[in-house]
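Let me begin by presenting the structure, written as structure tokens, before commenting on it.
The values are calculated or read from the model by the stated rules, or taken from the named source; none is laboratory data. Keep in mind the model is a prediction, meaning the values are calculated, not measured. Backbone-built Cβ (ideal geometry, glycine too); neighbour counts: all protein chains shown. Heavy atoms of the whole protein, side chains included, go into the accessibility calculation; ligands, DNA and RNA do not. Shrake-Rupley method; radii C 1.70, N 1.55, O 1.52, S 1.80 Å.
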Amino acid sequence: MIKGFLKERLAAKTEKLAPEDPKREELVAQYELETWVGDAARRVGQLQVVTHSLKPLHPDAKGSNLYAPPESLVPHSLVGSHLLPEDFDGDVVGNAAALDVYKFLKLEHNGRSLLDRVLEGDPALTGALSKDPEQAREWMTSFAAITEPRGGEASHTHAKQVYWLVGDDPGDNGSFHLLAPLYATSLAHRVYQTINEDRFGETTKAARQARRDGRYWEGGYRDYPNIAVQKFGGTKPQNISQLNSERGGSNYLLASLPPTWVDSGIKPPFFTDSVFPRFGRRKEVRRLLSGLRRLLMSDAEPNAETRDRRDEYVGALIDELVAFASRYSVLESGWSASPDCRLVDAEALWLDPWRDDESFAQRREQGDWAQEVRHRFATWLNSQFSKSLPLGDAEFEFWQKQLAKRLNALQEDLPYV
């Protein structure tokens, strides 16, 4: 097997040389088994077999890569490299000119690669590499080091780094661990192979054709909607890694999108000057108001526990208000320009955030409407207790402040609040 590998590589080098070309004799000498294996054992130091690589994160990063086979990883319930099968593909990083050494180590005999045999110290392979047992063991040691990181563990300025708090004092640098995420290249390759088979395999093609023809098909096929392709390495994917080169630099990204809500029951709040009466009729809002009313009317001690219970009710009401407002954000923008819309200006500005109207957008940008919405919320909330509780300015100011505090924290991500 090894001799066949060397014979093929020698043939590729000499096929264009004339029989009398002196380079032919030199190449023949270079591809003698012990000569080539000895040179490969020297060059293998330019490579590292990895399962988790740094270069996909940044091609100029020069920190540590890791070789962590599935059996060495802690199993858990999420998808990860620990789920890879025994025949997973290890990746290779390093000098692309030395990749022929890795191709040599990937050769298989009786279902096991030379690299597997090297790592196990297979005596049969030792005997096949050289007639000198000591020399062969030295070469085996060199080849086995291909899975070991070069130098100590290190990150790099181009690498991603996350400081993770493991102690109790965020002001103490010693309370943090520095996490350096790596790209799970072996897992990514298996995902790529699986998706390609699901998309372009012969069975899938036949199943899709059966569907087009309206014929029964045993089983089914998988689709991956909105899949994206991320390219690593540009025109030289081999500079990232061997597996990346085999994929032509392509790496699949599965869609991670929020659901598209379609609610045919949502209609613009026309023919009313305020949405707060409509908000107050929501079942959960009525329940929260009832609970808050009972709390305020009780003889509970004015202590921290009571205040916490009150704040929970108010916070839940505000969350309901945010959810209520978000329902209108799915409507086609500009609905507030309809003559049927009689909302006060502040509420229109609040509930129709994407309206493409220069004057409207300028008024919304100024932000004065937000204060009026808070004012109207506090007025509405006070009015819910007017028949049973003598609430006044103090409660009014408290409701406003609570609403402002909660909504200000959300507004960067949720413009409609």
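Some points to look at:
- Whole-Hz couplings from phi, Karplus 6.51/-1.76/1.60, listed for segment 47-63; x for Gly and Pro: 10, 9, 7, 9, 10, 10, 10, 8, 4, x, 6, 6, x, 9, 5, 10, x
- The listed residues VAL191, VAL92 rank as VAL191, VAL92 when sorted by accessible area, largest first, using a 1.4 Å probe.
- Only DSSP H runs of four or more residues enter the estimate; each adds -39500 (n - 2.57), and after division by the residues of the chain the mean residue ellipticity at 222 nm equals -14000 deg cm²/dmol.
- Positive-end residue of LEU391, TRP369, ILE318, charge dipole of segment 317-397 with Cβ unit charges: LEU391
- Principal-axis tilt of helix 202-213 within the chain, Cα atoms, nearest 10 degrees: 50 degrees
- With DNA, RNA and ligands ignored, accessible area of ILE266 (1.4 Å probe; Å², nearest 10): 20 Å²
- Segment 127-276: relative contact order in percent, alpha carbon pairs under 8 Å with at least 6 residues between: 13 percent
- In segment 79-147, Cα pairs under 8 Å separated by at least six residues give a relative contact order of 18 percent.
- Test item: Cα-centred dipole of the chain, Lys/Arg +1 and Asp/Glu -1 on Cβ, debye: 1120 debye
- Across segment 98-109, rounded Karplus estimates of 3J(HN,Hα) from the backbone phi angles (6.51 cos²θ - 1.76 cosθ + 1.60, θ = phi - 60°) give 9, 5, 5, 5, 5, 4, 5, 6, 7, 4, 10, 9 Hz, Gly and Pro being marked x.
- Under 18 Å of direct C-alpha separation, and excluding same-chain neighbours fewer than eight residues apart, LYS23 reaches these lysines: LYS7, LYS13.
- Taking the chain and dividing mean pair separation by its residue count, relative contact order in percent (alpha carbons under 8 Å, at least six apart): 12 percent
- In segment 266-417, a dipole from Cβ-located charges (positive for Lys and Arg, negative for Asp and Glu) runs towards its positive end, and of GLN400, ALA300, LEU343 it is ALA300 whose Cα lies farthest in that direction.
- Cross-link reach is defined here as a Cα-Cα straight distance under 30 Å, omitting same-chain residues fewer than 8 places apart; for LYS231 the lysines meeting it are LYS55, LYS62, LYS103, LYS106, LYS160, LYS205.
- Listed peptides 131-137, 30-36, 112-118 by packing density, highest first (mean Cβ within 10 Å): 112-118, 30-36, 131-137
- Segment 95-174 and segment 16-49 have their alpha-carbon centroids 23 Å apart.
- Helix axis angle, 283-297 relative to the chain longest principal axis, alpha carbon, degrees: 60 degrees
- Of the residues GLN238, LEU178, GLY220, the one whose Cα sits farthest towards the positive end of the charge dipole of segment 158-286 is GLY220 (charges of +1 on Lys and Arg Cβ, -1 on Asp and Glu Cβ, taken about the Cα centre).
- Structure-derived Rg and Dmax of the Cα atoms in Å: which label, when the choices are (1) 34.0, 111; (2) 20.4, 67; (3) 23.5, 92: (1)
- Note on LYS236: aspartates and glutamates with a C-alpha under 20 Å away, same-chain residues under 8 apart excluded, are ASP60, ASP91, ASP100, GLU246.
- By average C-beta atoms within 10 angstrom, highest first, the peptides 166-178, 197-209, 292-304: 197-209, 292-304, 166-178
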